[in-house]
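Below is one structure, written out as structure tokens; comments come after it.
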Amino acid sequence: MPDQATDETTIFRKSWTLYDSISEMNYMFHREIYAQITALLSRRRARGLYSILDLGCGNTRFIAPCLKTATPSRYVGVDLSEAALTEAFQYLKGLDNVALHHQDMLQAVQTTEASFDVIFSGYAVHHFDAKMKQDLFHACAAKLAKDGQFILVDMVREEGQTREQFIEGYLNFMRTQWTAVPPDHLEEACNHVAAYDFPETFSDLKRMAAAASLTNVRLLDRFAQHHILVFSA
């Protein structure tokens with residue numbers, strides 16, 4: 001796997017604009033997925049005020065409407081792209097008690113002294129290696145309030161599928177389905193996936209969660225390789 005510092009720089013700084021433009025085209029099912037996130041957060045809000053930590057928040061283009069429907073008492077977003085965070089302030093206008101931090105997301109959850117009712121991460125954790133994913137589960141479990149939830153939106157490998165097989169299939173999906181992406185941008189995106197995507201299987205994620213005492217695991221929905229998972233104690 002590439003050096004983590006190089007990995008973070010490439011993904012979260014140089015590639016931000018490309019990722020944002022592709023997500024807007026809905027090739028990774030952002031609209032369907034965030035409709036589900038809105039419903040999930042609305043159910044949480046119906047139980048009372050809640051706080052949320054968003055790891056790898058980007059510019060919050062998709063989570064912001066969810067938050068405006070299911071208003072949290074406190075929102076903290078963390079990302080390594082300063083450009084994305086600058087945009088996030090605009091998307092989050094109208095929400096109270098918002099904080100955005102330019103920080104590594106694993107370090108952020110490990111070092112915060114606060115606890116949260118919801119920890120959310122969308123399309124970021126698959127860039128971590130297995131040890132860092134396990135560390136993230138432990139850190140999230142430690143910072144979840146009672147009855148808290150870790151909500152993960154990410155790519156997931158099929159059981160028995162190798163990383164190489166996943167990458168081959170996902171690149172084929174990109175090259176055949178992402179028809180509106182300019183060829184040079186598509187090639188850049190494919191190179192990014194081949195170099196930096198390390199998705200786990202559902203059973204691997206459940207095992208990591210269980211090791212962190214998050215034994216209640218639910219697959220809320222999936223859209224091809226893109227899953228919505230909810231972890232709690």
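The values are calculated or read from the model by the stated rules, or taken from the named source; none is laboratory data. Note that the coordinates shown come from a computational prediction; the quantities given were computed from them, not determined experimentally. Cβ sites come from the backbone with ideal geometry, for glycine too, and all protein chains shown count toward neighbours.
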With the structure loaded, tell me whether Ala39 is more than 30 Å from His185 (Cα to Cα) and either modelled with pLDDT of 95 or more or outside any helix (DSSP H, G or I) (or both) or whether it fails that test. yes
In the range 157-180, how many residues are farther than 14 Å from His192 by Cα and aliphatic (A, V, I, L, M)? 1
Do the conditions hold for Val76, that is, is it within 26 Å of Asp204 (Cβ to Cβ), touching a strand residue (DSSP E or B) at 6+ places or on another chain (Cβ under 7 Å) and at pLDDT 95 or above? no
Neighbours by Cβ (under 6 Å, 6+ apart or cross-chain): first from the range 69-82, within 13 Å of Asn59 (Cα to Cα); second charged (D, E, K, R): Gly77/Asp54; Leu80/Glu8; Ser81/Arg13
Against the condition farther than 22 Å from Lys146 by Cβ, within 15 Å of the chain's Cα centre (by Cα) and of a type outside the set (Val, Ile, Thr), how does Tyr91 come out, does it pass? no
State yes or no: is Arg47 modelled with pLDDT of 95 or more, over 26 Å from Phe128 (Cα atoms) and basic (Lys, Arg)? yes
Please go through the range 89-103 and pick out each residue that is out of contact with any Gly (no Cβ under 6 Å at 6 or more places or on another chain) and either in contact (Cβ under 8 Å) with a residue 60 or more places away in the chain or not charged (D, E, K, R) (or both). Phe89, Gln90, Tyr91, Leu92, Gly94, Leu95, Asn97, Val98, Ala99, His101, His102, Gln103
Please give the strands (runs of 3 or more DSSP E) falling wholly within the range 64-136 in which 3 or more residues are over 30 Å from Val193 (Cα atoms) and aliphatic (A, V, I, L, M). none
Against the conditions (1) at pLDDT 95 or above; (2) closer than 27 Å to Ala139 by Cα; (3) surrounded by 15 or more Cβ atoms within 10 Å (Cβ to Cβ), where does Tyr196 fall short? Just the number, please. (1)
Residue match in the range 19-28 (condition: in contact with an Asp or Glu (Cβ under 6 Å, 6 or more places away or on another chain), at pLDDT below 95 and within 30 Å of Gln177 (Cβ to Cβ)): no
Can you tell me which residue within the range 44-63, out of those that are in a helix (DSSP H, G or I) and touching a residue at least 24 places away in the same chain (Cβ under 8 Å), is surrounded by the fewest Cβ atoms within 10 Å (Cβ to Cβ)? Arg45
Within the range 72-126, residues being closer than 18 Å to Ala139 by Cα, among the hydrophobic types (A, V, I, L, M, F, W, C) and surrounded by 19 or more Cβ atoms within 10 Å (Cβ to Cβ) number 12
